[in-house]
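Undergrad: Please read through the structure below; I'll follow up with questions.
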Amino acid sequence: MSAAAKHTPLVLSGMQPTNTLHLGNYLGALKNWVRMQNEMPCLFCVVDMHALTQDSAYGKPADVMRATREVAAAYIAAGVDPKRTPIFNQSQVAEHAELAWVLNCVARLGWLDRMTQFKEKSGKHKERASVGLYTYPVLMAADILVYKATHVPVGDDQKQHLELARDIAQKFNNDFSAPDFFPLPEPVITGPGMRVMSLRDGTKKMSKTEESDNSRINLTDDADAIAQKIRKAKTDPHPLPADDKGFAGRPEAENLINIYAALAEEPVAKVIAQFAGQQFSGFKNALSDLAVAKLAPIAGEMRRLMDDPGEIDRILKTSAEKARAIAQPVLHEVKKLVGFVD
Ligand code: TRP
């Protein structure tokens, strides 16, 4: 029996409050979170402490606060139900930071030295990177373990960090003679390989950092913006293929069909069959109608919530209390195990 099996199933995930969320965040993550609420208890946090490791947020308090509310609004607008599922910002549950310190003493430098995301983000001048950026994955481990969460929906890019969280959990359990104290959290790789690619270049992931706003559909885009971006999306001169082999060398066609299938919640093969041999123009009209029908209500709900930040703040506050009620006893046990209290 795996260690996780001895623990009550609990899902935890989080997103950073940086720039606006886009279709990739929705189809790759949020849409799955909404579904998981029906399968297991979940906790979803807005990781504002992690955001401080980014230049775009550091030193910009108003931006961090606004983005925190906006990401919370996106969770709610996408269908996470705050009555069932706490939606809170990480900084308001101090137990994350307290556990992170203990876990900093568990994790080894050699483990963190292997983290590819730190290498990419710190670039050539590692000595100028913040210590926070370096120890970011340890805080992420604390986010998960402070609730003894067993399942963590993450994208491909976070798999290595989740492996590290498992290693830290295992070492803690061994070093403090507490077998099975922490579960070894399992990744839930979101979506059946759903990677939403840029609308301007089908070989690149849709990203909030790509310069052209036409490369992505933001969750805050209204119906006109959505329709226009799909109209302008890069394509090729050929009709749509009759099977998935026809996508070879046609990443844009594949991406648009995948987006259609994900939004329609239909198998890709069925969507391919539906549009086989057709021109992009007709397909784009159908995709545009579908995207507007699915996404414009989310944008509308986000706008409504952002116009009334009081409602968001109330949700964040009551959710943080619920989260703390789970985290406090775990942290208390940790304090006993390491010798801070007896
Ligand atoms: N590192 C994650 C990302 O950038 C965000 C994150 C922080 C997270 N803590 C987490 C995700 C805990 C899952 C669980 O995507």
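The values are calculated or read from the model by the stated rules, or taken from the named source; none is laboratory data. Owing to the predicted nature of the structure, the values given are computational and were not obtained by experimental measurement. All Cβ positions, glycine included, derive from the backbone under ideal geometry; neighbour counts span all protein chains shown. These accessible areas exclude ligands, DNA and RNA; they are computed on the full protein's heavy atoms, side chains included. Shrake-Rupley method; radii C 1.70, N 1.55, O 1.52, S 1.80 Å.
Undergrad: Normalised by the residues of the chain, what does the relative contact order come to in percent, with Cα pairs under 8 Å and at least six apart?
TA: It comes to 23 percent, rounded to a whole number.
Undergrad: Put a dot 7 Å past each Cα toward the Cβ at LYS159 and ASN285; how far apart are the dots in nm?
TA: Once both label points are built, they end up 4.1 nm from each other.
Undergrad: So how far apart, in nm, are the two label points at LYS232 and VAL268 if each is 7 Å from Cα heading toward Cβ?
TA: The answer from the label model is 2.7 nm.
Undergrad: What accessible area per residue, rounded to a whole number of Å², is obtained for the chain using a probe radius of 1.4 Å? Kindly include the intermediate steps, with their values, before the conclusion.
TA: Values: 16020 Å² over 342 residues.
Spelled out: the 1.4 Å probe surface of the chain, per residue, equals 47 Å².
Undergrad: A further question follows. Considering amide H positions built from the backbone, and no H for Pro or chain starts, which residues 5 or more places from LYS205, or on another chain, come under 5 Å of its amide H?
TA: For LYS205, the qualifying residues are SER198.
Undergrad: In whole Å, how far is the Cα centre of region 62-95 from that of region 150-176?
TA: 23 Å
Undergrad: When DSSP beta bridges are limited to those with both residues in the chain, what percentage is antiparallel, rounded to the nearest 5?
TA: 15 percent
Undergrad: Give me the angle, in degrees from 0 to 90, between the Cα long axis of helix 61-78 and the longest principal axis of the Cα atoms of the chain, rounded to the nearest 10.
TA: Approximately 70 degrees, to the nearest ten.
Undergrad: Sticking with this one: Carbon and sulfur atoms: what percent of the 1.4 Å accessible area of region 1-83 do they account for?
TA: Numbers: 1830 of 3390 Å².
The computed percentage sits at 54.
Undergrad: Which ³J(HN,Hα) values in Hz, rounded to whole numbers, follow from the phi angles of region 328-342 under the Karplus curve 6.51 cos²θ - 1.76 cosθ + 1.60, where θ = phi - 60° and Gly and Pro get x?
TA: 4, x, 5, 5, 4, 4, 4, 4, 5, 4, 8, x, 8, 9, 9
Undergrad: Taking amide H positions as placed in the peptide plane 1.01 Å from N, state which residues far from HIS22 in sequence (5 or more) or on other chains have amide H under 5 Å from it.
TA: Sorted by chain and number, the residues that satisfy this are LEU219.
Undergrad: Seen from all sides and averaged, what is the projected area of the convex hull of the Cα atoms in region 204-250, in nm²? All intermediate terms of the calculation are to be shown ahead of the outcome.
TA: Numbers: hull surface 17.8 nm².
Projected area, direction-averaged: 4.4 nm².
Undergrad: What shape does region 221-276 take by its C-alpha gyration tensor, where a ≥ b ≥ c are the square roots of the eigenvalues and a/c under 1.5 counts as rounded, a/b above b/c as prolate, and the rest as oblate? Working shown, then result.
TA: Details: a/c = 2.49, a/b = 1.39, b/c = 1.79.
Verdict is oblate for region 221-276.
Undergrad: Also, I was wondering about something else. Say R0 is 51 Å: what FRET efficiency, to the nearest 0.05, do THR8 and LYS124 get from their beta-carbon distance? Show your work: numbers first, answer last.
TA: Numbers: r = 45 Å, r/R0 = 0.89.
For THR8 and LYS124, the calculated efficiency is 0.65.
Undergrad: I've got another one for you. Sorted from largest down, give the three principal axis spans of the alpha carbons of region 1-113, whole angstrom values.
TA: Between the extreme Cα coordinates on each principal axis of region 1-113 lie 38, 37, 25 Å.
Undergrad: Then there's this: Between ALA62 and ALA325, what is the spin-label point distance in nm, taking each point 7 Å from the Cα along the Cα→C-beta axis?
TA: 3.7 nm
Undergrad: Using only the heavy atoms of the protein chains and a 1.4 Å probe, how would TRP111, TRP101 rank by accessible area, largest first?
TA: TRP101, TRP111
Undergrad: Which three extents, in whole angstrom, do the alpha-carbon atoms of region 83-125 cover along their principal axes, largest first?
TA: 44, 23, 17
Undergrad: Now, a different point. Give the carbon-plus-sulfur fraction of the accessible surface of region 99-173 in %, rounded to a whole number; probe 1.4 Å, heavy atoms of protein chains only. Write out the running numbers ahead of the final one.
TA: On the way: 1850 of 3440 Å².
Here it works out to 54 percent.
Undergrad: Dipole of region 126-228, Cα-centred, from +1 at each Lys and Arg C-beta and -1 at each Asp and Glu C-beta, to the nearest 20 debye?
TA: 240 debye
Undergrad: Taking only Cα atoms, what is the 0 to 90° angle, nearest 10, from helix 131-145's long axis to the longest principal axis of the chain?
TA: Helix 131-145 sits roughly 80 degrees off the main axis of the chain.
Undergrad: Here's a follow-up. For LEU43, what residues show an amide H to amide H distance below 5 Å, using hydrogens built from the backbone and excluding near sequence neighbours?
TA: Distant-sequence amide H within range of LEU43: VAL11, LEU12, SER13.
Undergrad: Tell me the angle of helix 251-264 to the major Cα principal axis of the chain, expressed in degrees between 0 and 90 and rounded to the nearest ten.
TA: Value to nearest ten degrees: 70.
Undergrad: Please work out the ratio of the alpha-carbon Rg of the chain to 2.2 N^0.38 Å and round it to two decimals. Display every interim value, and only then the final one.
TA: Values: Rg = 21.3 Å, N = 342, 2.2 N^0.38 = 20.2 Å.
So the Cα radius of gyration is 1.05 times the expected 2.2 N^0.38 Å.
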